[in-house]
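To keep things clear, I will list the structure first and then write my remarks on it.
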Amino acid sequence: MIIVMKPNAGKDHVQHVVDLVREYGLKEHVIYGTDRTVIACLGDKRMVDKGAIENAPMVEKIVPILAPYKMASLEVKKDKSLIALGPSGFALGGKKIGVIAGPCSVENRKQLIETAKAVRDAGCIGLRGGAFKPRSSPYSFQGLGKEGLDILAEARDITGLAVVTEVVGVEQVSLVAQSADILQIGARNMQHFPLLEAVGKTSKPVLLKRGMSATLEELLLAAEYIINAGNKNIILCERGIRTFEDYVRNTLPLAAVPELHENTHLPVIVDPSHGTGHAHLVPPMCLAAVAAGADGLIIESHPDPEHAASDGAQSITPAALKDLMKRIRRVAEAIDKTV
Ligand code: PEP
Ligand code: MN
């Protein structure tokens, strides 16, 4: 349930209600909105005397939260969350679309620094690159690990871009959080609950990718795990789902973008690289994602896709990225946004 305070409720009124909520054994999350404060209460509500809470000074009303995900839902927080990213503090979720680009994997220093500079010059705000790679085959390139993280950190220092990299296991969270600005939870790990809780205990923004067979409700419940552990800075990412269709690697359901916006305050970005698997399909899907209201994009870009250690087929060159950014800008303008 949500306790909605009257517009001019003071800190002492809020604290009094928080104390009552705790007396009933519930966990509270206080959300300070632009014009009023709401207190979301989580836990077993059977023993709660709602009348007693409703009578507390400056309480306006108590409303149930209908969505199974509570803190991630628009019912609890009506204004969209802005997530501050990297050294520049770029606010993802607002009128300015944030584009993140970079290789699937960090392969070596030259490859990453060269790509990072091109990504910055194209007008992107973030640099992606996997250091720990979740590969379907144990014989495929698994990433450079710690060395990859060091190269990413250097690229951030040179370019000022926000660095996004995947964390594959609980034991890596603190190591990856030292170098990355944004912790990526990959599609294969969307329901790795101990990992969700572990990134929830950090203060780094989390890029949560939709599992390839997960429903939107399951995606939002995964976000709920992270918020419940203490971290509200979550970016949802649609990266395509598995269907019977085989002309693409995954089917990219762009309707997920407006649907998520109707149900959550969290920003939503789209990954057209994993969402299609083919470089020639990436630009049109980027434009469509922006038109559908995506708050950002994450795009795989490699200086030499033919020789990429992973996902070359879906990687666009830095030159193609530069050209694509110009076209993204024009679509953004058409819907009163900027890039
Ligand atoms: C990736 O971003 O390189 C990746 C492995 O993505 P996903 O988890 O969406 O497959
Ligand atoms: Mn990839």
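Numbers below:
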item: Within the accessible area of the range 2-63 (1.4 Å probe), percent carbon and sulfur; result: 49
item: Between the range 228-254 and the range 76-140, the Cα center-to-center distance that results, in Å; result: 16
item: Long-range amide H partners of residue 105 with built H, under 5 Å; result: 130, 310
item: Longest segment of the chain lacking chymotrypsin sites (Phe, Trp or Tyr not before Pro) that sit in a DSSP loop with at most 16 other Cβ atoms within 10 Å; result: 1-138
item: Residue-by-residue Karplus 3J(HN,Hα) for the range 141-158, coefficients 6.51, -1.76, 1.60, Hz, glycine and proline x; result: 3, 9, x, 7, x, 4, 4, x, 5, 5, 5, 4, 5, 5, 4, 5, 5, 6
item: Carbon plus sulfur fraction of accessible area for the range 229-339, probe 1.4 Å, in percent; result: 53
item: Per residue accessible area of the range 2-63, 1.4 Å probe, in Å²; result: 57
item: Residues with amide H under 5 Å from that of residue 99, placed H, sequence gap 5 or more; result: 125, 126, 297
item: Theoretical FRET efficiency, 1/(1+(r/R0)^6), r = Cβ-Cβ of residue 54 and residue 201, R0 25 Å, to 0.05; result: 0.15
item: Surface accessible to a 1.4 Å probe, per residue, for the residues of the range 97-200, Å²; result: 36
item: Spin-label model distance (nm) - residue 6 vs residue 114, 7 Å beyond Cα toward Cβ; result: 6.7
item: In Hz, Karplus ³J(HN,Hα) per residue of the range 194-202 (6.51, -1.76, 1.60; θ = phi - 60°; x = Gly, Pro); result: x, 5, 4, 5, 5, 6, x, 8, 8
item: Ellipsoid semi-axes in whole angstrom, largest first, where each is sqrt(5λ) of the Cα gyration tensor of the chain; result: 38, 20, 18
item: HN-Hα J in Hz across the range 165-181 - Karplus 6.51, -1.76, 1.60, θ = phi - 60°, x for Gly and Pro; result: 8, 7, 10, 8, x, 4, 5, 9, 4, 5, 5, 5, 5, 6, 9, 8, 8
item: Residue 188-residue 32 FRET efficiency (beta carbon distance; Förster radius 30 Å; 0.05 resolution); result: 0.25
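The values are calculated or read from the model by the stated rules, or taken from the named source; none is laboratory data. What you see is a predicted model; the values in this text were computed from it and never measured. Note: ideal-geometry Cβ built from the backbone for every residue, glycine included; neighbour counts use all protein chains shown. Each accessible area value is taken on the protein alone, full model and side chains, heavy atoms only, with ligands, DNA and RNA left out. Shrake-Rupley method; radii C 1.70, N 1.55, O 1.52, S 1.80 Å.
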